[in-house]
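The values are calculated or read from the model by the stated rules, or taken from the named source; none is laboratory data. Source: prediction; values computed, not measured. Here the Cβ is made from the backbone with ideal geometry for all residues, glycine too, and neighbour counts use every protein chain on show. Heads up: the accessible areas ignore ligands, DNA and RNA and are worked out on the full protein's heavy atoms, side chains in. Shrake-Rupley method; radii C 1.70, N 1.55, O 1.52, S 1.80 Å.
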Amino acid sequence: MNRKQTQPFPRELQRAEEYFKTHIENADRPNFDFTIGGEDLPVGAAVTELESNAEKRTIEKRWTAGAVEVRQVATLYRELPAVEWTVYVKNISGAVSERVRLSALNDRFPASSVVVHAQKGSYCAADDFRPVDLPMRPGDQAKLAPIGGRSSNMTWPYFCIETGENGLALAVGWPAQWQAVFACEDEDLHVQCGQQTLETVLYGRDSGAAGIDRTGEQIRSPRIVLLFWDRGDLRAAEACMRARNLFRRYMLRYNMPRGEDGKPPVKNLAACSSHQFREMLEATTRNQKQFIDGYVDHNLGLDYWWMDAGWYKTLGGGWVDTGNWQPDPERFGDSLKPISDMCHENGLKLILWYEPERVCPYTEFYELRDKGYIIEDKGWHLYNLANDEAFEYLCEYMVQEIRDNGVDVYRQDCNIADLQMYWELNEAEDRRGITENKYIVNYLAYFDYLMEQCPGLLIDSCASGGRRMDLETQKRSVVLWRDDSCYEPTLTQCQSFGINFFNPFSGQATTEADPELMTYVTRSNFMQSTNFCYNIESGDQDLIDRVKKSMDEYRAYSPYFLCDYYPLTTFSDRAEDWMAWQYHDADDNSGIVQVFKREGSADTAGKYYLSGLEKGATYIVKDIDTGESYEAKGRDLMVEGMDVEIQDAFAAKIFHYTAK
């Protein structure tokens, strides 16, 4: 696949525009599923253009159906073949509506053959994010959903779908319990996506229901993104990877938080002392400042200092005792500001961990249960974001916390395995799914409020690792900790192989200090954000020198991790197999190739076929370890391949190439 083939084809842009016009803007029937009292939407809708420029066009369609108004807000992107939409349903009457059923996508796509390329999600297992291919024949159906209400728990909300000579990339933006159903018919693929359970009456403005404002109750659908791709003259695997890279570009351009410079975060080198102080359970203002001093004194060039769980007052059960969100006064006084001030004085930013959704007994937040702010169950309880007053309280509380402690990165975890169970507690039969819907609307509004009130704030979404990596969460946050299975090199290689298909940003950490293993393990843990967990305060100069070398490598090559991604081997977790991939910057025609020879391999050489290069350009390819380089034509690197020789028992190699 050469450089020209990596750009959107005119036919793809045309397909996206045709879909937008015929299935959304001018369609008599919607491309989503809606009924009220068992009746479909009436034919015809009012269409309003909200925005139109060279980059995108956004419209709103409105229907009135009984007591409710239905709005579909849809955007056509003009530089990428992508269409997205969200559906909103609002009771505009003064009475309770009939039952509303809503799903975000219900449509058919022409298909001569079907393969749904799915992936496993995050669940703290060795094969997290592993590709899963689902070939389908007429009559086959595949039903996919996460487990327990966290959007990427066990199942990944991103799909690449072959439908013959062309295909779709599909993403479901819902930070909770979504469902996607693929049904292969004779000449079509029928796709349905939405909140897994949502069938509810909606209260009107004068219905007397608690918490309903004067304008009536509203629900919304997941956000759906469709990206249209054509195979062209590429092999199926190449075409799918090209489509995923187009989607990575969509994510970078339209679905990632931006810094104050308007760009995605590219400087993400962090360090912490969690391994020395039992997360933050034994941390103090004094020892945190000492550790920061060590990194600063040795000129290691950190971007972030990371303080994880346990900095608050606990009740003897360890960091899991959440619900107190003031610093432990015995260890930190009344604020973490002395630590954040030291960070800022030395050009660092502070990452601070919170988990407000999980509430333990006998904590500050547990005392809010009498106000209805807590959904109670045995053991842990859930902070009730579905309650608007609870949502407003949390917004104001956390904004003050962030300001008082000088927080630059608000790191929100969620370790409740079954959120869905809490949402369904005490839910009436005619209100199925309403608690989840309101909860998620306020969860997203909470992140929006934090960013609005704290300019420059970056949010890190963690949910027992990467179990909330859906579109809507990732539009507002990054993922600095993608999985609780971590560190081990083969495992992290496999995770990177799969997660990079759609997601240009994820993070984790490296801890290996053994001189013989450190380069291999650390390079295996290089990703868009890498946390270096080392005891620089120990004064071990040999260790410090090796950490500095790894950090310098990371700084030099990590910008490529946000660029186009091409796996150069198949997925394998076997110790005897090699793994390799390429990151390519299409703007300056350069990139890196990472090759991992695992300890069980007897092979000494591999050949890798690069992608995205200019056929006629000459590239300088450099081994960053030896400094040796050679020149090769782009065509040769793509067609004849790049030869890599590794005599060591195991190794992680990086090759940097630039166009001459």
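Among the residues making up the stretch 535-555, a single one is open to solvent by less than 50 Å² (accessible area, probe 1.4 Å), under 30 Å from Ala243 (Cα atoms) and among the charged types (D, E, K, R): Glu553. Scan the stretch 164-179 for residues that are touching an Asp or Glu at 6+ places or on another chain (Cβ under 9 Å) and open to solvent by 10 Å² or more (accessible area, probe 1.4 Å) and the total you get is 2.
Scanning the stretch 180-192 for residues that are surrounded by 22 or more Cβ atoms within 10 Å (Cβ to Cβ) and either within 16 Å of the chain's Cα centre (by Cα) or under 25 Å from Ala125 (Cβ atoms) (or both) returns Ala180, Phe182.
Given the residues Val100, Val83, Val96, Val114, which is the only one that is surrounded by 15 or more Cβ atoms within 10 Å (Cβ to Cβ), more than 24 Å from Ala180 (Cβ to Cβ) and touching a residue at least 60 places away in the same chain (Cβ under 8 Å)? Even if it seems obvious, please write down each step before you answer.
Values: Val100 fails: more than 24 Å from Ala180 (Cβ to Cβ); Val83 fails: more than 24 Å from Ala180 (Cβ to Cβ); Val114 fails: more than 24 Å from Ala180 (Cβ to Cβ).
After applying the criteria, what remains is Val96.
Phe497 meets each of the listed conditions (1) over 21 Å from Thr570 (Cα atoms); (2) out of contact with any Leu (no Cβ under 9 Å at 6 or more places or on another chain); (3) not hydroxyl-bearing (Ser, Thr, Tyr) apart from (1). Among the residues making up the stretch 397-446, those that are of a type in the set (Phe, Trp, Tyr), out of contact with any Gly (no Cβ under 8 Å at 6 or more places or on another chain) and open to solvent by less than 10 Å² (accessible area, probe 1.4 Å) are Tyr410, Tyr439, Tyr443, Tyr446.
From Leu226, Leu189, Leu198, Leu234, grab the single residue that is in contact (Cβ under 8 Å) with a residue 24 or more places away in the chain and under 16 Å from Leu134 (Cβ atoms). Working first, answer last.
Numbers: Leu226 fails: under 16 Å from Leu134 (Cβ atoms); Leu198 fails: under 16 Å from Leu134 (Cβ atoms); Leu234 fails: under 16 Å from Leu134 (Cβ atoms).
So the residue among Leu226, Leu189, Leu198, Leu234 that is in contact (Cβ under 8 Å) with a residue 24 or more places away in the chain and under 16 Å from Leu134 (Cβ atoms) is Leu189.
Considering Gly600, Gly591, Gly612, the condition of being small (Gly, Ala, Ser), modelled with pLDDT of 95 or more and closer than 26 Å to Asp127 by Cα is satisfied by Gly600 alone. Arg574 satisfies every condition listed in (1) open to solvent by 70 Å² or more (accessible area, probe 1.4 Å); (2) under 20 Å from Arg130 (Cβ atoms); (3) touching a helix residue (DSSP H, G or I) at 6+ places or on another chain (Cβ under 6 Å) except (3). Residues in the stretch 447-468 that are under 29 Å from Gln119 (Cβ atoms), open to solvent by less than 10 Å² (accessible area, probe 1.4 Å) and either in contact with a helix residue (DSSP H, G or I) (Cβ under 8 Å, 6 or more places away or on another chain) or free of Cβ contacts under 8 Å to residues at least 40 places away in the same chain (or both): Phe447, Ile459, Ser461, Gly466. I'd like to know if the stretch 230-249 contains one or more residues that are modelled with pLDDT of 95 or more, within 20 Å of Thr86 (Cα to Cα), open to solvent by less than 30 Å² (accessible area, probe 1.4 Å) and in contact with a helix residue (DSSP H, G or I) (Cβ under 8 Å, 6 or more places away or on another chain). Within the stretch 230-249, none of the residues are modelled with pLDDT of 95 or more, within 20 Å of Thr86 (Cα to Cα), open to solvent by less than 30 Å² (accessible area, probe 1.4 Å) and in contact with a helix residue (DSSP H, G or I) (Cβ under 8 Å, 6 or more places away or on another chain). Restricted to helices (runs of 4 or more DSSP H) entirely inside the stretch 320-431, no element has at least 3 residues that are under 30 Å from Asn299 (Cα atoms) and at pLDDT below 95. Looking at Ser496, is it open to solvent by less than 10 Å² (accessible area, probe 1.4 Å), among the polar types (S, T, N, Q) and within 25 Å of Arg223 (Cβ to Cβ)? The answer is no for Ser496. Does Thr215 qualify as being among the polar types (S, T, N, Q), at pLDDT 95 or above, assigned to a loop (DSSP other than H, G, I, E, B) and surrounded by fewer than 19 Cβ atoms within 10 Å (Cβ to Cβ)? So Thr215 does not fit the description; no. Of all residues in the stretch 71-80, those satisfying the criterion of being within 16 Å of Asn26 (Cα to Cα), open to solvent by less than 20 Å² (accessible area, probe 1.4 Å) and not small (Gly, Ala, Ser) are Gln72, Thr75, Leu76.
If you check Ser601, Ser590, Ser558 for being out of contact with any helix residue (DSSP H, G or I) (no Cβ under 7 Å at 6 or more places or on another chain), farther than 21 Å from Asn268 by Cβ and surrounded by fewer than 22 Cβ atoms within 10 Å (Cβ to Cβ), only one passes: Ser601.
How about the stretch 349-368: which of its residues are open to solvent by 10 Å² or more (accessible area, probe 1.4 Å) and out of contact with any Ser or Thr (no Cβ under 9 Å at 6 or more places or on another chain)?
From the stretch 349-368, those open to solvent by 10 Å² or more (accessible area, probe 1.4 Å) are 349, 361-362, 364, 366-368; that's our starting set.
Passing the criteria: Pro361, Tyr362, Glu364, Tyr366, Glu367, Leu368.
Counting only strands (runs of 3 or more DSSP E) that sit completely within the stretch 568-651, those holding 1 or more residues that are over 21 Å from Gln528 (Cα atoms) correspond to 590-597, 605-608, 618-623, 629-633, 642-645. Counting only strands (runs of 3 or more DSSP E) wholly contained in the stretch 62-159, the ones carrying 3 or more residues that are within 30 Å of Gly216 (Cβ to Cβ) occupy 68-77, 82-91, 100-103, 105-110. As a summary of the residue check, Lys337 satisfies the conditions (1) over 27 Å from the mean Cα position of the chain (by Cα); (2) within 25 Å of Gly465 (Cβ to Cβ) except for the one numbered (2).
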